[in-house]
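Down below is the structure, laid out as structure tokens.
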Amino acid sequence: MKQKLKFLIVGLVTVLTIAGCSSGNAAKDSGTFEGSGSGKHGDIKVEVAIKEGKIDKIKVLEQDENKVLAEPVYTELQETIIADNSADVDVISGSTATSEGYINAVKDALKKSGITLVAAGKDKKEKDKIDAEQTFDVVVVGSGGAGFSAAIEASEAGKKVAIIEKMPTVGGNTLLSGGEMNAPGNWVQKNLGIKGDSVESFYEDTMKGGDNIGDPKMVRIMAENALDSAEWLKDEIKVEFLEDQLFQFGGHTYKRALIPIGHTGAEPISKLKAKADELKIPIFLNMKANELIQDDKGKVTGVKAQDSAETAITFHANDAVILTTGGFGSNVDMRKKYNSEYDERYLSTDSEGTTGDGIVMAQSVGAALTNMESIQTYPIANPKTGMISLLADTRFDGAILVNQEGTRFVEELDRRDVISKAILAQTGKYCYQIWNDDIDAISKTKEAHSAEYDELIKEKLLVKADTIEEAAEFFDIDVEGLKATLKKVNEYAKTGDDKDFHHRGGLVSLEKGPYYIEKAIPSVHHTMGGVVINENTEVLDEKGNAIPGLYAAGELTGVIQGANRLGGNAITDIITFGRIAGKTAGGL
Ligand code: ADP
């Protein structure tokens, strides 16, 4: 259907283009031309309209990019190209591959036009300039899930709120994640007839999963509020979750993770942004916070920031500054400072903006840091880019992991740190994940992540084959070893007893092909450490006193996830504590 639609659109455009050219009005310096460039998830096709030697319009005909990350490319970058009358423009940081694909598509169209364009002057648009002094009641730094939740609650409490975000797009790591959210006793568990889950069980799994280093009081707050946070997302923010599917991430006793439609953080982030827009909360993009401002009594009264032209902008906060800047997974120097293991050898799944700025800013006004050495790798990531593999969420429904010798080496539903360490102990420090269509029918990741599927196939990091021999051959995996492994897996699937690794979800038969084999490595994913906060999300100093006016929530806090965060816990954490921060700053 989608394919047909594409042909229809392309067909229509072609007819219109030919009609336009044949109408005789196409002077030598005017016309419409198509071009294509390679984006992050396949080709981007555009149509460029040129009028009297000036780029007039650029229309995207086909694309499959990440909706949120591509937005500034199709708006901001488009405006720049039109204003400059040239495709020699800078990429949008954080959306590099999409920008390049788009720019190349426009260049391709311009080349085909044969028209020589005269580039306009590159003056910075005056209208983009904002006052260097801004005053709000509450200033939220960072626009991931924690930042949006905090801003929305503070705004609903009647405060004048602003969000400042250093990247050109909102969303941070929340956007790039699978968006799944643990909530014991949730409505989908009821739909699926899953009984027995409880706040206590979720609390215990989280404490244990973090090696009991998390602050029990804070973990309890997260566990007790998890369902309310999920219902808030569903009912107030209008996030749509799948009604008939849940994930059981590693370390959890029950299937308790809600899955947003599309299986990514794009659903919660776009709905949170829509709510912030509805509340008229200004979002200052390309605005990097550098330093907290304190008055002579030590109260935090604002933030010094800079825009993309490095112009200094001061954001004064009458009531509170809420830091929601995320972790430091993308900051290799900071990783090495706190844990020398996680150096350049590790790629990262994280967004470019995840560089620990909030932690550094808070520390410089006396905030206590904790648990900084606890850095988590996600076990199944793209060996070339380090990006998290959401396609490989089939692991939660029975996909197995094997090494180059074709042998299983870990329980696939063990904690991320355990699986990551086990992978690094195998030949080549990588692994292969194997599943079949029966498993995909449960997980439905091939449909949800079709762009990732195509990319992995193209990069030769994924193979689909009718027989296991064929699939193994593609990666030169020991065929006999793999066949022996599958024989055991199929037997354990029948008996329900995985004698080798005690798979807690129960193994699934891999008797039937076609088979999928994906190559993967562990990649830095989450930094558990950060600033110390109390139950009101006030940031505490070394003596345990609250720093007046300063609040924090989300990945930059260090007291909840302990030594290791369990899958599906980030969204629960950031929404719960983000909302508490917003309410507290809102005086509720
Ligand atoms: P969380 O999951 O805790 O909400 P995210 O990683 O989703 O964290 O979001 C954090 C956001 O904060 C990112 O969008 C990131 O670009 C932004 N950010 C990080 N440092 C700064 C800074 N110095 N100024 C403004 N925004 C920042």
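Computed from the coordinates by the stated procedures, all read-outs in this text should not be read as laboratory data. Everything numeric in this text was worked out from a predicted model, so none of it was measured. Glycine also receives a Cβ, built like all others from the backbone with ideal geometry; neighbour counts cover every protein chain displayed.
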The set of residues whose placed amide H lies less than 5 Å from the amide H of Ile313, leaving out same-chain residues fewer than 5 positions away, is Ala305, Gln306, Asp307
Mind listing the phi-derived Karplus ³J(HN,Hα) values for region 573-579, rounded to whole Hz, using 6.51, -1.76 and 1.60 with θ = phi - 60°, and x for any glycine or proline? 5, 5, 6, 4, 7, x, 5
Taking θ as phi - 60°, what are the ³J(HN,Hα) couplings along region 209-219 by the Karplus curve (6.51, -1.76, 1.60), each to the nearest whole Hz, with x for Gly and Pro? x, x, 6, 6, 8, x, 6, x, 5, 6, 5
Non-local residues with an amide H under 5 Å from the amide H of Ala552, with H modelled 1.01 Å from N and Pro and chain starts lacking one, are Leu323, Val539
Taking the Cβ of each residue in Val48, Val91 as the centre, tally the other Cβ atoms inside 10 Å and list the residues starting with the fewest. Val91, Val48
Calculate, axis by axis, the spread of Cα positions in region 411-460 along the three principal axes, and write the results as whole Å, longest axis first. 32, 25, 16
Amide H of Gly39: which non-local residues (sequence gap of 5 or more, or other chain) have their own amide H closer than 5 Å, using H built in the peptide plane? Ile44
Packing-wise, with mean Cβ within 10 Å as the measure, how do 384-391, 274-281 rank, highest first? 384-391, 274-281
Taking the Cβ of each residue in Met167, Met218 as the centre, tally the other Cβ atoms inside 10 Å and list the residues starting with the fewest. Met218, Met167
Taking the Cα centre of the chain as the origin and placing charges on Cβ (Lys, Arg +1; Asp, Glu -1), which of Val188, Gly329, Ile81 is farthest toward the positive end of the dipole? Ile81
Please list log₁₀ I(q)/I(0) at q = 0.10 Å⁻¹ for region 378-523, using the Debye equation with identical point scatterers on the alpha-carbon positions. -0.28
Please work out whether region 99-185 counts as rounded, prolate or oblate from its C-alpha gyration tensor, where a ≥ b ≥ c are the square roots of the eigenvalues and a/c under 1.5 means rounded, while otherwise a/b larger than b/c means prolate and anything else oblate? oblate
For Cα pairs less than 8 Å apart in space and 6+ apart in sequence, what is the mean separation divided by the residue count of region 378-523, i.e. the relative contact order in percent? 38 percent
State the percent of C-alpha pairs, over all pairs in region 234-330, separated by a distance greater than 21 angstrom. 57 percent
Take every Cα pair under 8 Å in the chain that's 6+ residues apart, average their separations, divide by the length, and report that relative contact order as a whole percent. 18 percent
Which whole-number percentage describes the relative contact order of region 62-174, with Cα contacts under 8 Å and a sequence gap of 6 or more? 26 percent
Give me the mean projected area, in nm² to one decimal, of the convex hull enclosing the Cα positions of the chain. 27.9 nm²
Using helices alone, what [θ] at 222 nm do you get for the chain, with -39,500 (n - 2.57) per DSSP H run of 4 or more residues, divided over all residues and rounded to the nearest 500? -10000 deg cm²/dmol
Quick one: Debye curve from the C-alpha atoms of region 453-583, no solvent, what's log10 I(q)/I(0) at q = 0.10, 0.11, 0.16, 0.19 Å⁻¹? -0.60, -0.67, -0.88, -1.04
Quick one: grab Rg to one decimal and Dmax as a whole number for region 359-421, Cα atoms only, in Å. 16.7, 53
I need the phi-derived Karplus couplings for region 480-495: 6.51 cos²θ - 1.76 cosθ + 1.60, θ = phi - 60°, integer Hz, Gly and Pro marked x. 5, x, 5, 5, 5, 4, 5, 4, 5, 4, 5, 5, 5, 5, 6, 7
Charged-residue dipole, Cβ positions (Lys, Arg, Asp, Glu), the chain about Cα centre, Debye nearest 20: 580 debye
Volume in Å³ per residue [convex hull over Cα atoms, computed for region 130-279]: 131 Å³
